[in-house]
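The numbers here are math on the coordinates, done by the rules we state, and not lab data. Here the structure is a predicted model, which is why all the values come from computation and not from measurement. Cβ coordinates were reconstructed from backbone atoms using ideal geometry, including for glycine residues, and neighbour counts include every protein chain displayed.
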Amino acid sequence: MIDWKNEAKKYEKDYLADLKDLVAIDSSRDIEHSTDDFPLGPGPAKALEKFLAIAKRDGFVTKNIDNIVGYIEFGTGDKYFAMLGHADTVPAGKGWDTNPFQMTIEDGNVVGRGTSDDKGPALAAYYGLKMLKDNNIVPNLKIRLIIGTDEETNWTGMKRYFEVEPAPELGFSPDAEFPLINGEKGNVTFETEFKGQELPGKNTLISFNSGIKENMVPRDAEAIIDTKNGKQIASDFEKFLLSVPVTGTYEINGQQLKLEMVGKAAHGMEPKNGINAGTYLASFLHQYELDESGENFIGFIADKLQDDSRANKLGLKYTDDIMGDLTMNVGIMRYDVQDGGMVNTNFRYPKGVTVEKIQQQLQDNTAYYGGRVELIDDMVPNFVSPTDPLVTTLMNIYKSQTDQQAAEPEVVGGGTYARMMKHGVAFGALFPGAEDTMHQANEFQSINDLLLAMSIYGQSIFELTK
C-alpha cells in the first residue's frame, strides 16, 4: 500500500518547477488578440500546451482540442473517471507586491497568479495521477485530467469538450475547497445598458470605469467629471474617504476632475469578502446634480446596488435551507458620455429561485433609470446527495488524511466544472482555515497544503478507479 503523503513529498521539487513555468504564462482571456489558432487569445492556449507538454514529458497520452481544451489520459476502457481543472486565470489586476507572473516562495507559500486558482490545484491533481503511473498501478477505469482555458468567463473550452467527447461516468473538479463541495448555486450574469447623450449638466460625467471581470469584486474605480466646482467636490471627496473603507485620490485639470478609488478585490461568489470601489465611487457622486445620462447610470448603481450583496434593494432577498443566500456581485461598471454605460451583475442563486425572476426584478428596478437588461450567461444549480458513494468515498479519504473526522460536505456560491458532469463534485484544494486569495492581488497557497492535496488526490484517484 502506498504511503500517499510520503509519496507526494518526493515530488515537491518537480511540482514547484512545473508550477513556476505555468504561473509565468499570463493566461487570462484575451479576445482582443484572438486568432483562428488562438480563439481565446495566445495566453490560455500557451498554458494549455504547457500542461500537455508536462504530461507528454512524463509519458502520458494527451490531446489538444482546438487550442481551447485538452486532456491527459491514463488507462483504457470505454468508460472513464475525470478530473476537470483549468489553466486560465483572471487578469492580474493592481496591488501586487511581486510580479504576478514570476512565482515566488514566501514563508512556505507559493505566490503568483494561478497558484490557488487553478494552476496550483490542477497540477496537484496531475501529480496525484502521476503517482499511480510511477508506481505501476493499472486502474480498472480510464482516467482523464481535462484542462479548460476559459473557466473564468464563458467555459468555452469545456463546453466544446462535452460536445465532441463522451461524458465521464463520474469525477471531481480540483478548483474549490476542502473538505468537499457537493452543491453549487446557480450562476447567472446580466448586463444593464444605459444610453449616453451629449447634454451637459451642471456637472457632466465624462467617463466611469471599474472592474475587470464579472466574478471579481472591483478593487479600483475611476471617474472623470466636467465641472466648475472641482475644488469643492475634491474637498467633499476627502471628507467622504474618512468615513468609508476605501482610499482615493483626485486630480484637477481645468474643468476636469478625475477621482480614483481603491477598495479590495475578492472572488465574486462572496462579495462580502471584498470592498467594491466602483459602487462606493458611485455613491459619492450621487449627491451631485449630474447630466441626465450620467445621473441615470450613477443613480442606478448608488440606489440599487451599493453595499447590497444580497440584492435586498432589488427585491431578490432569498435563502434556501441547504444552499444558502442568493448573492449579487457588481463586477464591471463602464460609462462614456457619448456611448453610454453598462453595469454587469452576477448572481449566485440557490434552488427555489429562477433566472426569469431575477431578470424581471432587475428590469423592473432599472426601468426608472432608463436601463435595458440583457441575459449574458446562466448555469443552473448543481447538487449531489451527501450519501452518494462518490461523496462518501472522497470524504472518507479526506478525513483519513487530515484527521478531521467532523468534516462535512458543503454547498457554495462558486461555480466549477463539476456541474458539467452528471455525477461530479468539487474537491479542494483550499483547506478550511486557509486564507482565500483567489482573484486577489498577491494570490498564494501553502506549499504544504498543495502537497497534502496532491496526496489526497492520488489516493482518491486510486480508490475511485480500482
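Convex hull over the Cα atoms of the range 74-193, averaged projected area in nm²?
11.0
Specify which residue in the list LEU316, TYR250, ILE137 is farthest towards the positive end of the charge dipole of the chain, using unit charges on the beta carbon of Lys, Arg (+1) and Asp, Glu (-1), about the Cα centre.
After comparing all options, I get ILE137.
Hey, got the dipole for the chain? About the Cα centre, +1 on K and R Cβ, -1 on D and E Cβ, debye to the nearest 20?
In debye, rounded to 20, the chain gives about 720.
Please give the Cα centre distance for the range 43-76 versus the range 146-184, rounded to the nearest Å.
15
Just want to confirm a number: the relative contact order over the chain, from Cα pairs under 8 angstrom separated by 6+ residues, in percent.
23
Quick check on the exposure proxy: order SER27, SER34 from fewest to most C-beta atoms within 10 angstrom.
Ordered from fewest to most neighbouring Cβ atoms within 10 Å, SER27, SER34 come out as SER34, SER27.
For semi-axes √(5λ) of the Cα gyration tensor in Å, one of (1) 37, 29, 21; (2) 31, 26, 23; (3) 43, 23, 20 was computed from the structure I shared and the rest are decoys. Which label?
The value computed from this structure is option (3).
With everything on Cα atoms, drop me the angle between helix 12-23 and the longest principal axis of the chain, reported from 0 to 90° to the nearest 10.
For helix 12-23, the angle is close to 40 degrees.
Counting C-alpha atoms alone, how compact is the range 187-379: give Rg to one decimal and Dmax as a whole number, in angstrom.
16.4, 56
What distance in nm separates the simple spin-label points at HIS286 and ALA17, each placed 7 Å from Cα in the Cβ direction?
So the label points at HIS286 and ALA17 sit 5.6 nm apart.
Please turn the phi angles of the range 316-326 into ³J(HN,Hα) values with the Karplus equation 6.51 cos²θ - 1.76 cosθ + 1.60 (θ = phi - 60°), one per residue in order, whole Hz, x for glycine and proline.
Working through the residues one at a time gives 10, 4, 7, 9, 9, 4, 9, 9, x, 7, 6 Hz.
Any chance you could give the angle, 0 to 90 degrees and rounded to 10, that helix 355-366 forms with the longest Cα principal axis of the chain?
Once rounded, one gets 20 degrees.
If packing is taken as the average count of other Cβ atoms within 10 Å, what order do 257-265, 178-186 fall into, highest mean first?
Order by mean packing, descending: 178-186, 257-265.
Along the positive direction of the dipole of the chain (beta-carbon charges: Lys, Arg +1; Asp, Glu -1; about the Cα centre), which of LEU241, MET438, GLY340 reaches farthest?
It is MET438.
Mind counting lysine pairs for me in the range 186-285? Cα separation below 25 Å, and the two need to be 8 or more apart along the chain or on different chains.
Qualifying lysine pairs in the range 186-285: 18.
Mind listing which trypsin sites (Lys or Arg not before Pro) in the range 90-121 are in a DSSP loop and have 12 or fewer other Cβ atoms within 10 Å?
LYS94
Distance cut-off 21 Å, Cα to Cα: go down the list LYS10/LYS79; LYS9/LYS399; LYS20/LYS63 and report the pairs above it.
In this structure, LYS10/LYS79; LYS20/LYS63 lie more than 21 Å apart at Cα.
Dipole magnitude of the range 187-379 about its Cα centre, charges +1 at Lys/Arg Cβ and -1 at Asp/Glu Cβ only, in debye to the nearest 20?
Charge dipole of the range 187-379: 420 debye, to the nearest 20.
Check THR437: other-chain or 5+ apart residues with amide H under 5 Å from its amide H, H built from backbone geometry?
PHE444
On a C-alpha basis, how far is the centre of the range 218-236 from the centre of the range 412-445 in Å? Whole number, if you could?
Cα centroid of the range 218-236 versus Cα centroid of the range 412-445: 37 Å apart.
Quick check: the angle from helix 447-465's long axis to the longest principal axis of the chain, C-alpha only, nearest 10 degrees?
Helix 447-465 sits at roughly 60 degrees to that axis.
For the range 323-464, compute Rh as the Kirkwood radius over C-alpha pairs and then the Stokes-Einstein diffusion coefficient at 37 °C and 0.692 mPa s; write the answer in µm²/s, rounded to an integer.
In µm²/s, the coefficient is 178.
Tell me what the chain gives for mean residue ellipticity at 222 nm when only DSSP H runs of n ≥ 4 count, each as -39,500 (n - 2.57), the sum divided by the residue total, rounded to 500 deg cm²/dmol.
-9000 deg cm²/dmol
Cut-off is 10 Å between beta-carbons; in what order do LEU451, LEU305 appear when sorted fewest neighbours first?
The most exposed by this proxy come first: LEU451, LEU305.
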